[in-house]
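Reading through the structure tokens given below for one structure.
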Amino acid sequence: MSKKIKIVVADDQTLLRDALQTIINMEHDMDVVGTAENGEQTIELVREHRPDLVLMDVRMPVLDGIEATKAILAEYPDTFIVVLTTFAEDQYIVDSIVHGAKGFLLKDMPGERIIQSIRDVYLGQFIMPSVVASKLAARISFLTSGPQKPISLGRMNLQGITFTEREKLIIQLMLEGKTNKEIARSLYMSEGTVKNYVSIVYHKIGINDRAKAVMYLKELLT
């Protein structure tokens, strides 16, 4: 009898965990050795069972999938991590790849495609659905091209005000009149993350009103 692919399924949705476990265990060459609802449980299951592959959700309580991936691959670098994602979670794609994920599965994929994708990863292939690949390409294109008109710090240097590269991108889009939602869409970030960056910009320039902040930034950048 050939060796079965040992798999851990990690997702905070009970229904999805159970469904994945059921369809995987129907295959003669696969075996779900454990299921987890958060990142910490996933790490413990990997330590206990040493699976070949982990189906890893990104958004989980206690410890998210990105941090769990980093921890697992630091201890067991030969483990295959396949990220479970949805169309709306493309901001995690780059982080997942950087930290060692071997592919992506959309949660609404048909069962037979999920099974085939698991086999492909186990054989050394990197898998990425076309919709995820398109999002990744768009994000890389934006991050490498940057704003069409890069901002110049101008008088900010004289006043001791400095911004990170990401804050400069946020400021550029603010100056173009974009809302937080529009900025989030442009940068493939969550709206909450954009709000945090905008708050940091406000704090650095000492203004807490968007219209006044934009006017002040335009003056500084002239």
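The values are calculated or read from the model by the stated rules, or taken from the named source; none is laboratory data. Quick caveat, the model's predicted, so the values are computed rather than measured. No Cβ is skipped: glycine too gets one built from the backbone with ideal geometry, and neighbour counts run over all protein chains shown.
Selection of segment 37-59 for residues being closer than 16 Å to LEU16 by Cβ and more than 19 Å from the chain's Cα centre (by Cα) yields only GLN41.
On inspection, ASP52 fails the criterion of being of a type outside the set (Gly, Ala, Ser) and either within 30 Å of LYS181 (Cα to Cα) or not assigned by TED's automatic domain parsing to the domain that holds VAL121 (or both).
The set of residues in segment 71-87 that are assigned to a strand (DSSP E or B) and not aliphatic (A, V, I, L, M) comprises PHE80, THR85.
Within segment 114-131, count every residue that is over 19 Å from the mean Cα position of the chain (by Cα) and without any contact (Cβ under 8 Å) to a residue 60 or more places away in the chain. Residues flagged as over 19 Å from the mean Cα position of the chain (by Cα) and without any contact (Cβ under 8 Å) to a residue 60 or more places away in the chain within segment 114-131 amount to 6.
List pairs: first in segment 169-185 and of a type in the set (Gly, Ala, Ser), second buried (at least 19 other Cβ atoms within 10 Å of the Cβ), Cβ under 8 Å, 6+ apart or cross-chain? Here the result reads ALA184/VAL194, each pair linking segment 169-185 to a residue that is buried (at least 19 other Cβ atoms within 10 Å of the Cβ). The residues of segment 38-70 that are more than 12 Å from ALA10 (Cα to Cα) and either modelled with pLDDT of 95 or more or in a strand (DSSP E or B) (or both), listed by number, are ARG47, GLU48, HIS49, ARG50, PRO51, ASP52. I need the full set of residues from segment 163-191 which are of a type outside the set (S, T, N, Q), in contact with a Leu (Cβ under 9 Å, 6 or more places away or on another chain) and outside any loop (DSSP other than H, G, I, E, B), in order please. ARG166, LYS168, LEU169, ILE170, ILE171, LEU173, MET174, LEU175, GLU182, ILE183, LEU187, listed by residue number. Report every pair of residues separated by at least 6 positions or lying on different chains whose Cβ atoms are under 9 Å apart, first residue within segment 53-81 and at positive phi, second crowded, with 24+ Cβ neighbours inside 10 Å. What qualifies is VAL62/GLY39. Report, by residue number, each residue of segment 6-29 that is surrounded by fewer than 20 Cβ atoms within 10 Å (Cβ to Cβ) and assigned to a strand (DSSP E or B). If the condition is that a residue be surrounded by fewer than 20 Cβ atoms within 10 Å (Cβ to Cβ) and assigned to a strand (DSSP E or B), then LYS6 is the only one that fits.
Here's a check for you: in segment 191-222, which residue that is exposed (fewer than 14 other Cβ atoms within 10 Å of the Cβ) and among the hydroxyl-bearing types (Ser, Thr, Tyr) is farthest from the chain's Cα centre (by Cα)? Only one residue fits best here, namely THR222.
A quick yes/no check of all residues on (1) part of a helix (DSSP H, G or I); (2) modelled with pLDDT of 80 or more; (3) closer than 30 Å to VAL82 by Cβ; (4) out of contact with any strand residue (DSSP E or B) (no Cβ under 8 Å at 6 or more places or on another chain):
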site: VAL131; (1), (2), (3), (4): yes, no, yes, no
site: SER134; (1), (2), (3), (4): yes, no, yes, yes
site: PRO147; (1), (2), (3), (4): no, no, no, yes
site: SER152; (1), (2), (3), (4): no, no, no, yes
site: THR193; (1), (2), (3), (4): yes, yes, yes, yes
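Would you check if there is a residue in segment 201-211 being in a loop (DSSP other than H, G, I, E, B) and in contact (Cβ under 8 Å) with a residue 24 or more places away in the chain? No: zero hits.
Among the residues that make up segment 86-106, is at least one of them surrounded by fewer than 22 Cβ atoms within 10 Å (Cβ to Cβ) and within 15 Å of LEU20 (Cα to Cα)? Within segment 86-106 (the criterion being surrounded by fewer than 22 Cβ atoms within 10 Å (Cβ to Cβ) and within 15 Å of LEU20 (Cα to Cα)), the answer is yes, since at least one residue qualifies.
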